[in-house]
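Report on the following structure.
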Amino acid sequence: MSASPSGLFPGVRELVPRLRPRLQEGRERLRQAFDAHPVPTTLVHGRSGLVDQILREVWSHFQFPANLAFAAVGGYGRGELYPASDVDVLVLLPDGIDAATEEKLSQMVGVLWDLGLDVGHSMRSVGQCVEEAARDISVQTNLLEARQLAGSRGLFEYFTNTIREHTDKQAFFKAKRLEQEERYLRYQETAYSLEPNCKESPGGLRDLQVILWISRAAGFGESWNDVVRSGLVTRQEAHQLAAVESMLQLIRIRLHHLSGRREDRLLFDHQEALAEQFGVKRTATRRASEVFMQRYYRNAKLVTQLNTIVLQNLGASIFPAPKRAQIHINERFQMVRELLDARSETVFEDHPAAILESFLILQEHAELKGMTARTLRALWRARRLLTPDFRRNPDNRALFVKIFQQERGLVHELRRMNQYGILGAYLPTFGRIVGQMQHDLFHVYTVDQHILQVVRNLRRFAMEEHAHEYPLCSRLITGFERSWLLYVAALFHDIAKGRGGDHSQLGRRDARVFCRLHGVSEEDTELVEFLVGHHLTMSAVAQKQDLGDPEVVKGFAGIVGSERRLTALYLLTHADIRGTSPKVWNAWKSKLLEDLFHGTMHLLRGATPRQAVGLSVRQVEARRLLSLHGLRANVEKDFWRELDTVYFMRHDTDEIAWHTRNLYHRPTGELPVVKARFNPIGEGLQVMVYTRDVHDLFARLCGFFARLGYSIVDAKIHTTRHGFALDSFVLLDPLNQFNTREMISVIEHELEGRLQHMGPPDQPKSVRLSRQVRHFPITPEVHIQPDERGHYYIMTVTAADRPGLLFSIARVMAEHRIDLHTAKIATLGERVEDTFLISGSELSRKSTLIRLETDLLEALQI
């Protein structure tokens, strides 16, 4: 049949109006059936069957030559179509086709798009398919799942046989393992991110699909039942595989329905709705979404367990190793192919203590690279043996402590113990927080993963190859006697999260019980207790209080009480902050902690509080730095007369020297001075502003920096004796959008101009709020109270972070004529906890103080 005068194949115009309603009605029927009885396989297979009918009718309409074949590939080839899945198809061609057939194929693809199908199509000969498969493992995988829809059966069978013949099962296995490793890296090698991808993240559908892809390529079968018959998994494991797959399929279907598009991420936007659809209810202390996500993480954990076991079995079958002697380790374990192997499949039932012993052996034998599949299986089944009697056994308690005391392998083995449910079974308090989310806007891991990350950070301090990362921490932990106590403290520091109440104090009690049951000395028990109970203290003091105030350092020294406790708390705090999120830690936080550590150590070693903050030392060192820059002796005297003691306590020697170099020759000049430089202690910029003080200066400066897109992480506000403001800021570029060197000139030039002419204050840019802030808002809090001496007031502000937040606070303070002396800006992920030292007449009157707090709370509302 020839084409019509318009160039279209006859009947094409009528094809779409006739088939599209049928496709839409069929989809709606399947959706309603799923809503009534949510069986995921019924939906995905039903959608695939519906599309099969439509595609076959379209193919038939175009009357293609009999020597072409039409096939579904990829997920559609498996017979699985999710609500927003692509429809991947392959047209198999003979070695050459005429122009008319090529035109008809082009029109057919257009019809499929007009029908509303997201089509991914390819048109190749068998030879071209083989070439593409050899170049691209993803293409090869898609073609292995090909399923004929229409056309030449002979050509399709030739194609499938040829693809199988050219599939090297060993090369395919290696490529898919490498692909999985690369995919894991893309998702930070964790299934426990707060917004995981149910398809691609570790523990997602891809981890199950890769098993069946390799099984298919190796000839072991295409379904879980086939894999059972091949002896690669047990019948129980096949049931588990089907169950975890069903859970992930349900989630993916509902995500597509909720979002109306191909969305495989469990975004905060959808977690509460998913919890409702799964019938999950909130508890007294946790949102429904948190309970649901804990289910998801435990499902993902089981997926990764099964993936490890089955891929190991597949590898052993695909790469049969030459017979090697089994190396005897003891009467319970041996080494097989560099893996720890249980000499009997009942070893853990016969000797329950061998459960903990297996992890200890892995630590003691560096040549062991893991456990055999049968040992992992036996270990997984042995969880139930960790009964109260097991936990009371002194030998088992000693084994558990010994794991912490080993020189290597602690983090690997704790993670392995957690992966296979052993850690949570031995410590039920830990088991309760496995997979538990933390919606505090700065933790990006579940509680259990955060705890293990903190242990990992502490361990790296003690490893020679990582000594260059944090030299002070490495030096301190090397000289710390019984450093394994720090790891125990890390294990317990957040173990009471989600119970309600103060998790630090609840965890402290758990740590005390653990230490006493496990034979830890009274002295060491007190140290672990102290660390767990105060694991937030050092961070709070460093980031929220004025470290230039000798009384602050004195108060903190009174809490820690000894050099050993101070060193331990510094190491734990450092590791804890870095373990919350890659975005939370920065050089500025590092310096604050280090300054507090050194100041407190000086005090504990006999210095006075003023000596501890190093006032005289700073002045001497600042003079030395000035001389290195070629300034004559005593050049600083006139300028320093305008500065009080507080200035020298709050600024370090480098800042004092920098300010002096730029201002010593104009202490009473009327023109503003703005200088910017690379932050000498880390990322970002340091900006100095020297100008006649006005009541809204801080608001103007905050508005200017916010308009540019900078985030203020520290502000030191000082007024000289002759009424000039000398303010210092540390700025970060959160979006990495600027050339820092160029911005130094921009800031200096533009800000000096604005301060000279004093026009209306700059307004911050309007920027969208993050998903975390939108879905897990923080109720703003403002607390204002006088300091101990009654000279100043301390104002603390807690709120969800957003662009321009500091400007909003500064504007309210300016409207109420509040004077700012220092600002400690603590940004923890999406949460801010800022502390301001302020003064003003309104603060002493209750009515005006309440009005100030009310106005601030209103400004903090999102």
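The values are calculated or read from the model by the stated rules, or taken from the named source; none is laboratory data. Owing to the predicted nature of the structure, the values given are computational and were not obtained by experimental measurement. Cβ sites come from the backbone with ideal geometry, for glycine too, and all protein chains shown count toward neighbours. Note: accessible area is taken over every heavy atom of the protein model, side chains too, but ligands, DNA and RNA are not part of it. Shrake-Rupley method; radii C 1.70, N 1.55, O 1.52, S 1.80 Å.
Scanning the range 362-379 for residues that are open to solvent by less than 10 Å² (accessible area, probe 1.4 Å) and within 19 Å of F404 (Cβ to Cβ) yields L362, Q363. Within the range 474-484, the set of residues being in contact (Cβ under 8 Å) with a residue 40 or more places away in the chain, more than 16 Å from V411 (Cβ to Cβ) and assigned to a helix (DSSP H, G or I) comprises just one member, L476. Scanning the range 131-158 for residues that are under 21 Å from K174 (Cβ atoms), in a helix (DSSP H, G or I), open to solvent by less than 30 Å² (accessible area, probe 1.4 Å) and of a type outside the set (G, A, S) gives V139, Q140, T141, L143, L144. Counting only residues that are hydroxyl-bearing (S, T, Y) and open to solvent by 30 Å² or more (accessible area, probe 1.4 Å), the range 56-106 holds 2 of them.
For the range 274-309, a residue qualifies if it is small (G, A, S) and modelled with pLDDT under 95, and the qualifying residues are A284, A288, S289.
Can you find a residue in the range 732-741 that is buried (at least 17 other Cβ atoms within 10 Å of the Cβ), touching a residue at least 12 places away in the same chain (Cβ under 8 Å), within 17 Å of A823 (Cβ to Cβ) and not acidic (D, E)? Yes, the range 732-741 contains a residue that is buried (at least 17 other Cβ atoms within 10 Å of the Cβ), touching a residue at least 12 places away in the same chain (Cβ under 8 Å), within 17 Å of A823 (Cβ to Cβ) and not acidic (D, E). Applying the set (1) of a type in the set (D, E); (2) at pLDDT 90 or above; (3) outside any helix (DSSP H, G or I) to D448 leaves exactly one unmet item: (3).
Conditions (1) at negative phi; (2) buried (at least 18 other Cβ atoms within 10 Å of the Cβ); (3) over 36 Å from the mean Cα position of the chain (by Cα); (4) not β-branched (V, I, T), marked per residue:
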{"position": "R262", "(1), (2), (3), (4)": "yes, no, no, yes"}
{"position": "L266", "(1), (2), (3), (4)": "yes, yes, no, yes"}
{"position": "A275", "(1), (2), (3), (4)": "yes, yes, no, yes"}
{"position": "L311", "(1), (2), (3), (4)": "yes, yes, no, yes"}
{"position": "S344", "(1), (2), (3), (4)": "yes, no, yes, yes"}
{"position": "V347", "(1), (2), (3), (4)": "yes, yes, yes, no"}
{"position": "D350", "(1), (2), (3), (4)": "yes, no, yes, yes"}
{"position": "E357", "(1), (2), (3), (4)": "yes, yes, no, yes"}
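Checking P550 against (1) open to solvent by 30 Å² or more (accessible area, probe 1.4 Å); (2) of a type outside the set (V, I, T); (3) at pLDDT below 95, only one condition comes out false. Which one? Answer for P550: the failing condition is (1).
Candidates R22, R31: the one that is open to solvent by 60 Å² or more (accessible area, probe 1.4 Å) and touching a residue at least 40 places away in the same chain (Cβ under 8 Å) is R31.
Of note, I422 does not satisfy the criterion of being among the β-branched types (V, I, T), at pLDDT 90 or above and touching an Asp or Glu at 6+ places or on another chain (Cβ under 7 Å).
For the range 668-685, the set of residues classified as crowded, with 20+ Cβ neighbours inside 10 Å and either among the aromatic types (F, W, Y) or under 29 Å from the mean Cα position of the chain (by Cα) (or both) consists of N679, G684, L685, listed by residue number.
The set of residues in the range 499-517 that are assigned to a helix (DSSP H, G or I) and among the small types (G, A, S) comprises S504, G507, A511. The single condition among (1) open to solvent by 20 Å² or more (accessible area, probe 1.4 Å); (2) in contact with a strand residue (DSSP E or B) (Cβ under 8 Å, 6 or more places away or on another chain) that E189 does not meet is (2). If only residues of the range 518-547 that are more than 32 Å from the chain's Cα centre (by Cα) and of a type in the set (D, E) are counted, the one that is least open to solvent (accessible area, probe 1.4 Å) is D524.
Among the conditions (1) open to solvent by less than 20 Å² (accessible area, probe 1.4 Å); (2) of a type outside the set (A, V, I, L, M, F, W, C); (3) farther than 22 Å from A568 by Cα, R415 misses just one, which is (1). Across the range 482-514, the number of residues qualifying as farther than 15 Å from D448 by Cβ and basic (K, R) comes to 4.
Have a look at R618, R610, R564 and point out the one that is modelled with pLDDT of 90 or more and open to solvent by 40 Å² or more (accessible area, probe 1.4 Å). Write out each step before concluding.
On the way: R618 fails: modelled with pLDDT of 90 or more; R610 fails: modelled with pLDDT of 90 or more.
Just a single option satisfies the conditions, and that option is R564.
Out of E182, E195, one residue alone is within 30 Å of H166 (Cβ to Cβ), among the acidic types (D, E) and surrounded by fewer than 22 Cβ atoms within 10 Å (Cβ to Cβ). It is E182.
Report whether or not V44 is among the β-branched types (V, I, T) and in a helix (DSSP H, G or I).
yes
Across the range 815-862, the qualifying residues are those that are touching a residue at least 60 places away in the same chain (Cβ under 8 Å) and more than 28 Å from L732 (Cβ to Cβ), and the one among them that is surrounded by the fewest Cβ atoms within 10 Å (Cβ to Cβ) is R817. If you go through the range 230-247 and pick out every residue that is open to solvent by 50 Å² or more (accessible area, probe 1.4 Å) and part of a helix (DSSP H, G or I), you end up with 4.
Please indicate, with yes or no, whether at least one residue in the range 451-469 is over 21 Å from R408 (Cβ atoms), modelled with pLDDT under 95, assigned to a loop (DSSP other than H, G, I, E, B) and under 22 Å from the mean Cα position of the chain (by Cα). Break it down into steps so the answer makes sense when it comes.
Of the residues in the range 451-469, the ones over 21 Å from R408 (Cβ atoms) are none.
Looking for residues that are over 21 Å from R408 (Cβ atoms), modelled with pLDDT under 95, assigned to a loop (DSSP other than H, G, I, E, B) and under 22 Å from the mean Cα position of the chain (by Cα), one finds none in the range 451-469, hence no.
Only one entry in D95, D88, D114 is among the acidic types (D, E) and at pLDDT 95 or above, namely D88. Looking across L15, L30, L23, L8, one residue alone is part of a helix (DSSP H, G or I) and modelled with pLDDT under 95. It is L15. Note on the range 280-309: among residues that are open to solvent by less than 50 Å² (accessible area, probe 1.4 Å) and not in a helix (DSSP H, G or I), the one that is nearest to G500 (Cα to Cα) is R286.
Each row is one residue, and each column tells you yes or no for (1) of a type outside the set (G, A, S); (2) touching a helix residue (DSSP H, G or I) at 6+ places or on another chain (Cβ under 6 Å); (3) in contact (Cβ under 8 Å) with a residue 24 or more places away in the chain.
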{"site": "E189", "(1), (2), (3)": "yes, no, no"}
{"site": "E195", "(1), (2), (3)": "yes, no, yes"}
{"site": "S215", "(1), (2), (3)": "no, yes, yes"}
{"site": "G221", "(1), (2), (3)": "no, yes, no"}
{"site": "R229", "(1), (2), (3)": "yes, no, no"}
{"site": "T234", "(1), (2), (3)": "yes, no, yes"}
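Out of the residues in the range 57-77 that are in a helix (DSSP H, G or I) and of a type outside the set (G, A, S), state the one that is nearest to the chain's Cα centre (by Cα). Here the answer is Y76.
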